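Visitor: Could you have a look at this structure, given as C-alpha cells, before my questions?
The values are calculated or read from the model by the stated rules, or taken from the named source; none is laboratory data. Because the structure is a prediction, the values reported are computed rather than measured. Please note: Cβ atoms are built from the backbone with ideal geometry, for glycine as well, and neighbour counts cover all protein chains shown. With ligands, DNA and RNA removed, areas are computed over all heavy atoms of the protein, side chains included. Shrake-Rupley method; radii C 1.70, N 1.55, O 1.52, S 1.80 Å.
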Amino acid sequence: MSASKRLLQWLDERLSIKDDMTEALYHPVPRRESYLDYLGFAAVFVFISQFVTGILLATVYAPSLALTSDGLPYAYHAMKVLMSEPWGYFIRSLHFWGASFMVVVVFLHMLRVFYIGAYKKPRELNWMLGVLLLVTVLAFAFTGYLLPWDQEAYWATMVGTAMVGYAPLVGDWLTGILRGSEFLTQATISRFFSIHVLVLPITLVLLMAAHIGLVFRVGVTEADRALPPGWRKKHVRGTVDIPKGMVPFYPYGTFGMVMTVLVTMLALLAVAYFFLPEIQAPADPLNRDHYEPKPPWYFMFLYQFLKFVPGYYWAQVVAIVVIPTVAVLLLFLVPLLDKNPSHEPRRRPVALSAMASMVVLLVGLTYMGQKSTVIPPTEEVVTQAKWSDVSKIFQAYCASCHISTTSGGLSLASYESTMKGGQNGAVIVPGKPEESLLWLVINGEANQYNVPPMPLGGQPIPATARQTIENWIKDGASK
Amino acid sequence: MAKDHSAAPPSGGDEKNPLADWLEGWTPQEVTRRKFMSVSMWTIGGLIALAYGGLGLKFLWPPSQSNVPLEEVGTSDEFKIGDPPVLKVTDNQGSEGGAWIVRLENEGLVAYDMHCTHLECPFTWVGNQFACPCHGSTFDIHGQVTHPPAPRPLRRRLVVEKDGKVLVGGIIS
Ligand code: FES
C-alpha cells in the first residue's frame, strides 16, 4: 500500500469520512451540463477572493477617526496611503469590485435556481438558506461601504441607517444601536467595522457550509430527471454507481466548476485592473461642497423607488420598512408559496412571469436611478445667452424627464418645443423671467402653481446656470 | 440491578393535553432524574445566553441625547430679521454636526438641525427655501414641508441667547 493510501486509511479509521467523500465526488451528474449551474461555485470563489483581499486590507486599515498630521481622519488617510501604492490600490480595487461581483453572481445564481425550479421539494430549505445568504451579502456591502469614510460612504450610511428609523416602535432605538450616537461618529465606524470583519464572515461561512452541505445531501435537481427511477432508494451510500448516460461529478462536473471560477476570476481581475475605484473627498458632516448623496448601484433601485413615495409618514413607513421586509419574506417563502410541482418552464407561467417582472422592475429602477445623475456645476454665467447656451443646461439637468421623455407634456429637446411649453401652457414668456414658469420652477418659486421645484428629486441647478437662463429669457428668448 | 434510563418518564394525567402533562411534571413525585437533568440543562443554557445577550445589549445601548451641552456658535448681531439662514458648525460627539440659524419675525431666533426629516441628508438654503438633494424635499423658512417626501417639519434645536452670544443645544422637536 502506498504511503498516501495508508495516510488516507489512517484518517478514515478515525474520521469515517470515506463514504461521504465518495458520495461528494462520485455522485452521478447529467452528461449535458449548463455552466449556469456553477454560478454558486463562482459565488464561493468571489467570497474567497473577498476574504483574502479583506484580510490584506485589514493589515493597513483601522476604523479610527483620529486626525492624522495631514488633518484627515485616520480611516480615510489609510485608504489614501494604500491607494498611493500600485499593489495596494489594486488590492483595494479587487475588494471594491468583488462586492459588486458578489451581488451580481449571487443574483444570477438565484435567477438560475428559480428558473429551473430547483427550490422545489426536497430542496426548499436550501433556497431559504440562499435567501439568508443574499441578505448577508447585502449586509456586507452596506457595512463595508462606510469604512473609507469619504463623502459617498458617509451620506449613504446616514440615509441607510435613517431608513431603519422608520421601523414602527423600535426604529429610533435600532438606528441608535447601529450608529452608537445621534448621527455618524467614531462609534458608528467602529461598529460597522466589527460587523463587517467579525460578525458577517462568521455568519456567511456557517450559512455557506450548510448551503453546500445540503447540495451534497440532497443532490442537484438536474440529476433527478436524468437518474433512472428508484435509483436513490437502491443506492448504497459510499459506493460508486453511475447509471448509463450520466457521468461522475469528479472530474466532469468539477472541471466545469474550475472553468467557471477561471472566467469569473479573469473578469474580476480585468475590471479591477482597468477601473480603479476613486475615493472622494473625506466625509464632511456639514456637506460644505454640496455633494449629492447617492447609493452604490446595487441599492439604486431602492433609492429610485423612494422618490415615488408620497410624503405622509405612514406611506414612508410602508415604503421604507414594510415593502422591503415583506419582499424578503416572500422571497424566503417562495418554495412554500409555489405549490406547482413542475420544473418545466412552460408549465410554470405564473412563477416565471413573476420572476420576469421582478427583474424588469429592479433593472428599470436601477437604470433610472443611475441616470438621474446631476452633472456638477462648472458653467460660467453667459450674458448674451442664445438657445445653444440654455440647451446645454437643459441637456445637463433636465434630460431624463424633458428630453428623452416629455414629463408634463414639456419637451426641452428643441427650441420650438421649449417655446410651445407643456400641459400648463407656455413655460417661457420672452422678456419676463418672473412670469416664465420654467424660471419659477428652477428657482423653487412655483409652489402656487402646484409644480414642485425642478430638477425633481435633484440638487437645484447651480446659480450660474440659472442666471444664464434668466438672461436668455430677459433678452427675448431668441433662437 | 441497572436502572433503565431509556424508559419514557412516567407521564401524569391526560396525555392529550401537553400543558397539563407539563404541569403535572412539576409535582414532586413526578420529577424524575431524567426530567430534572433536561430541565436544568435548558435553564442553565438559557441563563448563560441571556447573560451574554444582556451584556452585549447594555454595552451597545445608544447613549442618551437629552443632555447635549450648549455650544457657542456666534453672536446675536450676526442674525438679523430678513437675513437668510446661516449654517453653523456644532459638535456631534467628537465629529461635526450643524444647525441652520435664522431670526424670524414672530418666532425669534430659530435653529434647525441640518439633517432632512426624510432620511437625514444635508439640505441647503436655495433661493427662498431649504432644499434637500436626496429625494427633493423642500421646507419653508419656518421649517414646514413645502414638497414631499419629507413627512415632518424640520427638527429644531435648543437655541439660547446670552450676553450677546448665541448658544445651540440638542434637538428639541
Ligand atoms: S433625505 Fe431629504 S428628501 Fe430624502
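Visitor: Return the residue satisfying two criteria in turn: it lies in region B:128-156 and is more than 20 Å from A:M454 (Cα to Cα) and away from every other protein chain (no Cβ under 11 Å), and of such residues it is surrounded by the most Cβ atoms within 10 Å (Cβ to Cβ).
Guide: Checking each candidate, the answer is B:L154.
Visitor: I'd like to check something: does region A:343-357 contain any residue that is modelled with pLDDT under 95 and in contact with a Gly (Cβ under 7 Å, 6 or more places away or on another chain)?
Guide: Within region A:343-357, one or more residues are modelled with pLDDT under 95 and in contact with a Gly (Cβ under 7 Å, 6 or more places away or on another chain).
Visitor: Restrict the check to region A:203-224 and report whether at least one residue is surrounded by 15 or more Cβ atoms within 10 Å (Cβ to Cβ) and under 28 Å from A:M158 (Cβ atoms).
Guide: Yes, that holds for at least one residue.
Visitor: If I ask for residues that are open to solvent by less than 50 Å² (accessible area, probe 1.4 Å) and over 22 Å from B:R157 (Cα atoms), which ones from region A:164-177 would you list?
Guide: Residues satisfying the conditions are A:V164, A:A167, A:I177.
Visitor: Which one of these does A:E182 not meet: (1) open to solvent by 30 Å² or more (accessible area, probe 1.4 Å); (2) farther than 19 Å from A:A281 by Cα; (3) part of a helix (DSSP H, G or I)?
Guide: It fails just one condition, (3).
Residue-wise test of (1) among the hydroxyl-bearing types (S, T, Y); (2) open to solvent by 30 Å² or more (accessible area, probe 1.4 Å); (3) not in a loop (DSSP other than H, G, I, E, B).
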site	(1), (2), (3)
A:M419	no, yes, yes
A:L440	no, no, yes
A:E445	no, yes, no
A:M454	no, yes, no
A:T464	yes, yes, yes
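Visitor: While we're on this one: Quick check, is B:V68 part of a loop (DSSP other than H, G, I, E, B) and either farther than 25 Å from A:W149 by Cα or not hydroxyl-bearing (S, T, Y) (or both)? Lay out the reasoning, then the answer.
Guide: On the way: part of a loop (DSSP other than H, G, I, E, B): yes; either farther than 25 Å from A:W149 by Cα or not hydroxyl-bearing (S, T, Y) (or both): yes.
Judged against the criteria, B:V68 is a match.
Visitor: So, one more: Within region B:104-114, which residues are within 16 Å of the ligand (Cβ to nearest atom) and of a type in the set (D, E)?
Guide: Residue satisfying the conditions is B:D113 alone.
Visitor: Continuing with the same structure: Regarding region A:257-274, can at least one residue be identified that is assigned to a loop (DSSP other than H, G, I, E, B), surrounded by 15 or more Cβ atoms within 10 Å (Cβ to Cβ) and of a type in the set (S, T, N, Q)? Step through it out loud before you land on a result.
Guide: Initial filter on region A:257-274 (assigned to a loop (DSSP other than H, G, I, E, B)): none.
No, that holds for no residue.
Visitor: Looking at this structure, is B:S95 of a type in the set (S, T, Y) and open to solvent by less than 50 Å² (accessible area, probe 1.4 Å)?
Guide: yes
Visitor: Same structure, new question: List every residue pair whose Cβ atoms sit under 8 Å apart, with the two residues 6 or more apart in sequence or on different chains, where the first one lies in region A:297-310 and is within 13 Å of the ligand (Cβ to nearest atom) and the second, anywhere, is among the hydroxyl-bearing types (S, T, Y) and assigned to a helix (DSSP H, G or I).
Guide: A:Q304/A:T366
Visitor: Taking the options B:I101, B:I81, name whichever one is away from the ligand (no atom under 16 Å from the Cβ), closer than 26 Å to A:P460 by Cβ, among the β-branched types (V, I, T) and not in a strand (DSSP E or B).
Guide: B:I81
Visitor: Could you please find all residues in region B:116-127 being more than 7 Å from chain A (Cβ to nearest Cβ) and either surrounded by 24 or more Cβ atoms within 10 Å (Cβ to Cβ) or not in a strand (DSSP E or B) (or both)?
Guide: Passing the criteria: B:C116, B:T117, B:H118, B:F123.
Visitor: Does A:V199 count as open to solvent by 50 Å² or more (accessible area, probe 1.4 Å), out of contact with any Leu (no Cβ under 9 Å at 6 or more places or on another chain), within 14 Å of chain B (Cβ to nearest Cβ) and under 17 Å from A:F51 (Cβ atoms)?
Guide: Against the criterion (open to solvent by 50 Å² or more (accessible area, probe 1.4 Å), out of contact with any Leu (no Cβ under 9 Å at 6 or more places or on another chain), within 14 Å of chain B (Cβ to nearest Cβ) and under 17 Å from A:F51 (Cβ atoms)), A:V199 qualifies.
Visitor: So if I check each of B:T90, B:T146, which one is within 13 Å of the ligand (Cβ to nearest atom) and assigned to a strand (DSSP E or B)?
Guide: From the options B:T90, B:T146, the qualifying one is B:T146.
Visitor: Filter region B:132-143 for residues that are more than 6 Å from the ligand (Cβ to nearest atom), assigned to a loop (DSSP other than H, G, I, E, B) and on the phi < 0 side of the Ramachandran plot and give the result.
Guide: B:P133, B:D140, B:I141, B:H142
Visitor: Considering every residue within region B:97-120, establish whether at least one is in contact (Cβ under 8 Å) with a residue 60 or more places away in the chain and more than 26 Å from A:P455 (Cβ to Cβ).
Guide: Yes, that holds for at least one residue.
Visitor: How about region B:115-131: which of its residues are within 11 Å of the ligand (Cβ to nearest atom) and aliphatic (A, V, I, L, M)?
Guide: Result: B:L119, B:A131.
Visitor: If you don't mind, another one. Among the residues of region A:403-456 satisfying the criterion of being among the acidic types (D, E) and over 18 Å from A:S391 (Cα atoms), which is farthest from the other protein chains (Cβ to nearest Cβ)? Explain how you work it out, then say what you get.
Guide: The initial filter retains those residues of region A:403-456 that are among the acidic types (D, E), namely A:416, A:434-435, A:445.
Of the ones still in play, those that are also over 18 Å from A:S391 (Cα atoms) are A:434-435, A:445.
Numbers: A:E434: 13, A:E435: 17, A:E445: 7 Å.
This residue is A:E435.
Visitor: In addition: Please go through region B:45-72 and give me each residue that is more than 17 Å from A:E182 (Cβ to Cβ) and either open to solvent by 50 Å² or more (accessible area, probe 1.4 Å) or assigned by TED's automatic domain parsing to the domain that holds B:V102 (or both), ordered by number.
Guide: B:L47, B:I48, B:A49, B:L50, B:A51, B:Y52, B:L55, B:L57, B:K58, B:F59, B:E72
Visitor: Helices (runs of 4 or more DSSP H) wholly in region A:1-87 with at least 3 residues that are closer than 30 Å to A:Y119 by Cα - which ones? Give the derivation first.
Guide: Details: elements: A:3-15, A:18-26, A:39-58, A:74-83.
The qualifying helices (runs of 4 or more DSSP H) are A:18-26, A:39-58.
Visitor: Every residue in region A:158-179 that is farther than 17 Å from A:G144 by Cα and more than 16 Å from the ligand (Cβ to nearest atom), please.
Guide: The answer is A:A167, A:P168, A:L169, A:V170, A:D172, A:W173, A:L174, A:G176, A:I177.
Visitor: Give the residues of region A:275-306 that are over 26 Å from A:L82 (Cβ atoms), facing chain B (nearest Cβ under 9 Å) and open to solvent by 50 Å² or more (accessible area, probe 1.4 Å), sorted by residue number.
Guide: The one that is over 26 Å from A:L82 (Cβ atoms), facing chain B (nearest Cβ under 9 Å) and open to solvent by 50 Å² or more (accessible area, probe 1.4 Å): A:H290.
Visitor: Considering region A:45-61 alone, what residues qualify as being crowded, with 16+ Cβ neighbours inside 10 Å and aliphatic (A, V, I, L, M)?
Guide: Of everything in region A:45-61, those that are crowded, with 16+ Cβ neighbours inside 10 Å and aliphatic (A, V, I, L, M) turn out to be A:V46, A:L56, A:L57.
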